[in-house]
Amino acid sequence: MPIPMWVTRVNRKVTNPVLGTLSDRLPPLATLHHVGRRTGRRFSTPVFAFGTPRGVVIALTYGPQVQWLRNLEAGGEARLVRRGQVLAVGDPVRLHGEAGARLVPRVIRAGLRLMRVDDFVELAAVPVHG
């Protein structure tokens, strides 16, 4: 079972603003900047992101129904700031179980298993210059 959804509400108000000050530069954290598919509002969400040959993989610690992923799947644009580098991300591919876990470093994989996180999404990513 991923992190319960009530924790999401607390994190959105308390934890995310604090992590947001660190996540652009403190791996494995990254900041996903996305636009709401219905509201058009801009959001910044700290995530755990890891490099892959295609781009990045993100552990879905709150489960597969997170709003930022639904926004991307609806054709929304997103930017990911990871290690101080801005990436344009898109083309989400949902992964479950070992297909996603194998893309995550072994030590992180063990922690995710303890948390029962079994869902991931891989995003194509290209650097944004300028």
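Give the number of residues within region 35-53 that are over 11 Å from ASN71 (Cα atoms) and under 15 Å from the mean Cα position of the chain (by Cα).
9
Pairs needed: first member in region 67-89, under 15 Å from ALA125 (Cβ atoms); second member anywhere, part of a loop (DSSP other than H, G, I, E, B) and not basic (Lys, Arg); C-beta distance under 6 Å; at least 6 residues apart or different chains.
That search, which allows pairs on different chains as well, returns VAL81/ASP24; ARG83/PRO27; VAL86/VAL128; ALA88/VAL128.
Among the numbered conditions (1) in contact with a strand residue (DSSP E or B) (Cβ under 8 Å, 6 or more places away or on another chain); (2) open to solvent by less than 90 Å² (accessible area, probe 1.4 Å), tell me where ARG42 comes up short.
Result: ARG42 passes all but (2).
May I ask you to list the residues in region 88-108 that are surrounded by 16 or more Cβ atoms within 10 Å (Cβ to Cβ) and either out of contact with any strand residue (DSSP E or B) (no Cβ under 9 Å at 6 or more places or on another chain) or assigned to a loop (DSSP other than H, G, I, E, B) (or both)?
Across region 88-108, the qualifying residues are LEU103, VAL104.
Considering region 59-87 alone, what residues qualify as being more than 13 Å from the chain's Cα centre (by Cα) and in a strand (DSSP E or B)?
Within region 59-87, GLN85, VAL86 meet the criteria.
Do we find that VAL126 is exposed (fewer than 12 other Cβ atoms within 10 Å of the Cβ) and in a strand (DSSP E or B) in this structure?
It is true that VAL126 is exposed (fewer than 12 other Cβ atoms within 10 Å of the Cβ) and in a strand (DSSP E or B).
Which residues, taken from region 109-123, are at pLDDT 95 or above and either under 22 Å from VAL81 (Cβ atoms) or assigned to a helix (DSSP H, G or I) (or both)?
PHE120, VAL121, GLU122, LEU123
The values are calculated or read from the model by the stated rules, or taken from the named source; none is laboratory data. Note that the structure is predicted; figures quoted are calculated from it, not measured. Methodologically, a virtual Cβ is constructed for each residue, glycine included, from the backbone with ideal geometry; neighbour enumeration extends over all protein chains shown. The area values use the complete protein model at the heavy-atom level, side chains included, leaving out ligands, DNA and RNA. Shrake-Rupley method; radii C 1.70, N 1.55, O 1.52, S 1.80 Å.
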